[in-house]
Amino acid sequence: MITILGAGLGGLVLARILHINGVDVRIFESEASASARHQGGMLDMHVETGQMALEAAGLYDEFRRIVLKGGDALRVLDKTGRVYLAEAGNDLRPEVERGQLRAMLIASLPEGIIQWGHRATEVAAAMDGGYIITFADRRSVRVNTLIGADGAWSKVRPLLTDIRPVYTGLSFAEARLTEVSSRFPEQAEIVGKGTMMAVSEHKGILAHREPGDVICSYAAFEAPAEWSAEIMSEAGGLFEDVLKRFGDWDRSLVDLIARSEKPLVARPLFALPVGHRWGRRAGVTLIGDAAHLMSPFAGEGANLAMRDGADLAQAIIADGDDIEAALACYEAAMFPRSESAAQESAAGLNRCFNAQAPRPLVDFFLGMHSDVEAIVT
Ligand SMILES: Cc1cc2nc3c(=O)[nH]c(=O)nc-3n(C[C@H](O)[C@H](O)[C@H](O)COP(=O)(O)OP(=O)(O)OC[C@H]3O[C@@H](n4cnc5c(N)ncnc54)[C@H](O)[C@@H]3O)c2cc1C
């Protein structure tokens, strides 16, 4: 029996591939049900990671049915609303809503594999080998093989390393507009069908079109580590704080935040050190953010979590009863892959937030894409 902690995208892909290949698997998940929390946000699925994992899970065709058509369009602006780059998209990195993707993976597993409402508070080594997971309701379970797929603040990670996520210095405030075609036509136009990135002077307003006539935006800015705790302690503090920071930005961009449903959600960004690794420990490993949390500027975190899940499942299936060989094989490929993505992610963050923005970002996209539709400078 393989035990996974966490039913995020990584844990679900792992469970799905193991299950369809006849391996006994279960997931303990802290949320009370599949619909307990709005998952939100758009994800673009990359060929060699997210899409590869969906193929291995036998869910690629189903995934294509929930792709947001034209959702990979891209616009880059500055704070005045001037457009530097507008690209229609080419479907190489199709966009999907995270909640729909997660729901598809959950529905692909028989009832009972995911044990909802199991929030682990501690994971410790058992005296006789294996590991003991203790849950918030004080029940505990002993497991032989444990996969930490429990995200940024993993309870499994301390079994393998003392390293903890470090604040990147950048925070997001998340905003949402609904019924945008009728209520917010100006914002619908400025965002377009996919992603809009307005960046200037170390700040940004980043927006994605979501299915159901919704725009999800992030105001992104540098803030000290204590910022989110301080601002959340005052009612309405986050909203006022964010609007003050973007006081000299064009109104049509600021309205993506100012006219949002309330409350805004504070998302300080944390990352693990680039290239960190751990030594092999019997019966346990990590996938996804638990293994390699990074800032979202390479758009790789969810994709990597899914690829990790697929690779680990395939290693377990290939190595039969030799679980140690499987875990070692998985880690040997995962460490260099996540290191290079984390480097790219750190570079992506610097590309967006600098004094010359949006120029470095525009130059990057021009170098990457050959099919840019229009550039207005
Ligand atoms: C603002 C933002 C934008 C992003 N945009 C993108 C993007 O465009 N593309 C992309 O690829 N990535 C993106 N990412 C990164 C992506 O969200 C993560 O990398 C991805 O969700 C990691 O998946 P995971 O399965 O490892 O962990 P998670 O999605 O964090 O899932 C972990 C699961 O474990 C459960 N869990 C946690 N603790 C416990 C516990 N103690 N006990 C039991 N269960 C537990 C959680 O409830 C959750 O279900 C973005 C991240 C942010 C913050």
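What follows is calculated from the coordinates using simple rules that are stated; it is not laboratory data. Nothing here was measured: the structure is a model prediction, and the numbers come from that model. We place every Cβ from the backbone using ideal geometry, glycine too, and count neighbours over all the protein chains shown.
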What is the count of Lys pairs in the chain whose alpha carbons sit under 26 Å apart, if the two are 8 or more places apart or on different chains? 10
Label-point gap, in nm, between Arg359 and Val141 - each point 7 angstrom along Cα→Cβ: 5.6
Give the calculated FRET efficiency between Val23 and Lys69 to the nearest 0.05, with a Förster radius of 35 Å applied to their Cβ-Cβ distance. 0.45
Give the residue from Ala103, Met127, Gln187 lying farthest towards the positive end of the charge dipole for region 90-203; charges sit on Cβ (+1 for Lys and Arg, -1 for Asp and Glu) and the dipole is referred to the Cα centre. Met127
Sequence-distant residues sharing a close amide H with Thr121 (under 5 Å, placed H): Thr134, Phe135, Ala136
Compute the Cα gyration tensor for region 211-271, then decide on rounded, prolate or oblate, letting a ≥ b ≥ c be the square roots of its eigenvalues: rounded whenever a/c is under 1.5, prolate when a/b is larger than b/c in the other cases, and oblate in all that remain. prolate
Burial-style ranking of 239-248, 304-313, average other-beta-carbon count within 10 Å with highest first, yields 304-313, 239-248
Go ahead and estimate [θ] at 222 nm for the chain from helices alone: -39,500 (n - 2.57) per DSSP H run with n ≥ 4, summed, over the residue count, rounded to 500. -10000 deg cm²/dmol
Can you give me the angle between helix 9-20 and the longest principal axis of the chain, using Cα atoms only, in degrees from 0 to 90, rounded to the nearest 10? 40
Taking amide hydrogens as modeled 1.01 Å from N in the peptide plane, which residues meet the under 5 Å criterion relative to Val25, leaving out close sequence neighbours? Ile2
Measure out, as a whole number of angstrom, how far apart the alpha-carbon centroids of region 215-286 and region 1-73 sit. 25
FRET efficiency, 1/(1 + (r/R0)^6) with R0 51 Å, evaluated for Glu201 and Ala124 via beta carbons: 0.60
If Lys and Arg each add +1 and Asp and Glu each add -1, what is the summed charge of the other residues whose beta carbon sits under 10 Å from the beta carbon of Gly117? -2
In degrees rounded to 10, the 0-90 angle between helix 301-318 Cα long axis and the longest Cα principal axis of the chain is 20
Region 246-259 - phi-based ³J(HN,Hα) in whole Hz, Karplus 6.51/-1.76/1.60, Gly and Pro as x: 10, x, 9, 8, 4, 4, 5, 6, 4, 5, 4, 9, 4, 9
Sort largest first and round to whole Å: the equivalent ellipsoid semi-axes of the chain, each the square root of five times a Cα gyration tensor eigenvalue. 37, 22, 20
Compute the relative contact order of the chain as a whole-number percentage, counting only Cα pairs closer than 8 Å that sit 6 or more residues apart in sequence. 23
What ranking, highest mean first, results for peptides 47-59, 328-340, 147-159 when packing means the other Cβ atoms within 10 Å averaged over each residue? 147-159, 47-59, 328-340
So which residue, out of Ile190, Ile20, Ile215, gets the largest mean-square fluctuation from a GNM of the chain using Cα contacts under 10 Å as springs? Ile20
Output ³J(HN,Hα) for region 132-142: one whole-Hz value per residue in order, computed from phi by the Karplus curve 6.51 cos²θ - 1.76 cosθ + 1.60 with θ = phi - 60°, and x for Gly and Pro. 10, 9, 10, 9, 4, 8, 6, 6, 9, 9, 9
Most packed first (mean Cβ within 10 Å per residue), the peptides 250-258, 268-276 order as 250-258, 268-276
